[in-house]
Structures are given as structure tokens and as C-alpha cells.
Amino acid sequence: MRIIRAADCKVMPWKNGGGTTTEIAVSPEGASLDNFDWRISMAHVAQDGPFSAFPGIDRTLCVLTGNGIRLAFGDGAAVMLERASGPYFFAADRAVDGELTDGEIDDLNVMSRRGRWQHEVQRFSSPGQQAFAVDTGLVVAFAHQGDWRANGSVLMPGDSAITEASPAHPLHLEGRGDLIVVKLTPAAS
């Protein structure tokens, strides 16, 4: 298991230049916004505007702070996301504008390259214990708020724990607060 401390995460501009993102983890290590296989990041959204297009990428979005955002897709579909909403999955090459509900938000973005990787995102907001494992790939736990432990190691708000596939040795999480768990698995060929 590897712990990524919030203070060690890299801040970089959005692909479309409209804001900044805090990169939590990316594969392969050091990949750019154009050639990653998967990426987990946080973004601060301060104004309405278009989302960056990522051809061939699937994306899941979770609102972390603020009153929410309405995603208005180019095909006329729309969805409202708030802190209480579940993770929302969509194709990142689909045209979409973000319209803030009432002020700025922070969100968590999980992206994976279609045909190479796939991801599943779960959010937990109540106290308890959970165990997560995958047969192939990895599990990433992002501790947004509260007190969490990953395999006994303390996760402060903003920290993440990453563990490689090991069905015999799952990632054990316990605590309270807001926790987001991402399972990343290689796409079936």
C-alpha cells in the first residue's frame, strides 16, 4: 500500500485553461493530460464554462464542496450534481458545460482510457469498516473529510491510499466522514 499525502499532490492547469486541477494519481507515472491510462484529480470550479474534452476517456465526477453543478450536455441532456449525489459516470468526449448552482465547488474526477482501463467509484459518508480488493488492477481510497485509517495507517483529509490487486490482502478502511473508493481494472480484451 502507498499513501499519497494531500501536500504532495501536483497542481496544474486544466486542459482548456479555465482553472486548475490537483492531480492525486496518474498512470503511467508522469503521463500528460493527453496520454494517461487513468487519472484521479480534484478541481476547483469557480465559474460556469465548458468541460475539457478528453477523446476516448470515461469520466466519473463527485461534488466534494459547494452547492452543486448542473451538467448541460451538447445533446440536450442535463443532470444536477450535489454533495449528496452519487458519483456520476459519463463519456469525457461528450460536449458538456458546467453551470454552478450557487457559488464555487470542488469536485473529484476519475478518468480512464476506454478499451485499456475501466473504473468504478463508490462514496461512503457514514462510520464503519469496509474491505476492498480487486483480482487485477488497484484500489484507491480518497479521504475527503473525517478520520480514516487504511490498513492501520492514518489518512488525513485530502490523503489517499493506493493498493495493487491482491484478493488475499484487501484494502481495509475504517473511520467516519466522507470517503471515496475507486476500483481501477484493466479492460477485458
Scan segment 114-137 and give yes if some residue there is farther than 25 Å from residue 32 by Cβ, of a type in the set (Ser, Thr, Tyr) and under 18 Å from the mean Cα position of the chain (by Cα), otherwise no. yes
Quickly run through segment 33-48 and pick out the residues that are within 17 Å of the chain's Cα centre (by Cα) and part of a loop (DSSP other than H, G, I, E, B). 33, 36, 37
Go through segment 136-189 and give me each residue that's closer than 24 Å to residue 29 by Cβ, in contact (Cβ under 8 Å) with a residue 40 or more places away in the chain and part of a loop (DSSP other than H, G, I, E, B). 136, 137, 151, 156, 158, 159, 187
Residues of segment 61-110 that turn out to be over 12 Å from residue 180 (Cβ atoms) and assigned to a strand (DSSP E or B), as a count: 21
If I go through segment 104-156 residue by residue, how many of them are hydroxyl-bearing (Ser, Thr, Tyr) and either within 20 Å of residue 169 (Cα to Cα) or surrounded by 17 or more Cβ atoms within 10 Å (Cβ to Cβ) (or both)? 3
So is residue 84 surrounded by fewer than 17 Cβ atoms within 10 Å (Cβ to Cβ) and either on the phi > 0 side of the Ramachandran plot or free of Cβ contacts under 8 Å to residues at least 40 places away in the same chain (or both) or not? yes
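Report yes if some residue within segment 53-74 is free of Cβ contacts under 8 Å to residues at least 60 places away in the same chain, in contact with a Cys (Cβ under 8 Å, 6 or more places away or on another chain) and not assigned by TED's automatic domain parsing to the domain that holds residue 149; otherwise report no.
Among the residues of segment 53-74, not one is free of Cβ contacts under 8 Å to residues at least 60 places away in the same chain, in contact with a Cys (Cβ under 8 Å, 6 or more places away or on another chain) and not assigned by TED's automatic domain parsing to the domain that holds residue 149, which makes the answer no.
The values are calculated or read from the model by the stated rules, or taken from the named source; none is laboratory data. Values in this document were obtained by computation on a predicted structure and should not be read as measured data. Note that each Cβ is placed from the backbone with ideal geometry, even for glycine, and that neighbours are counted across all protein chains shown.
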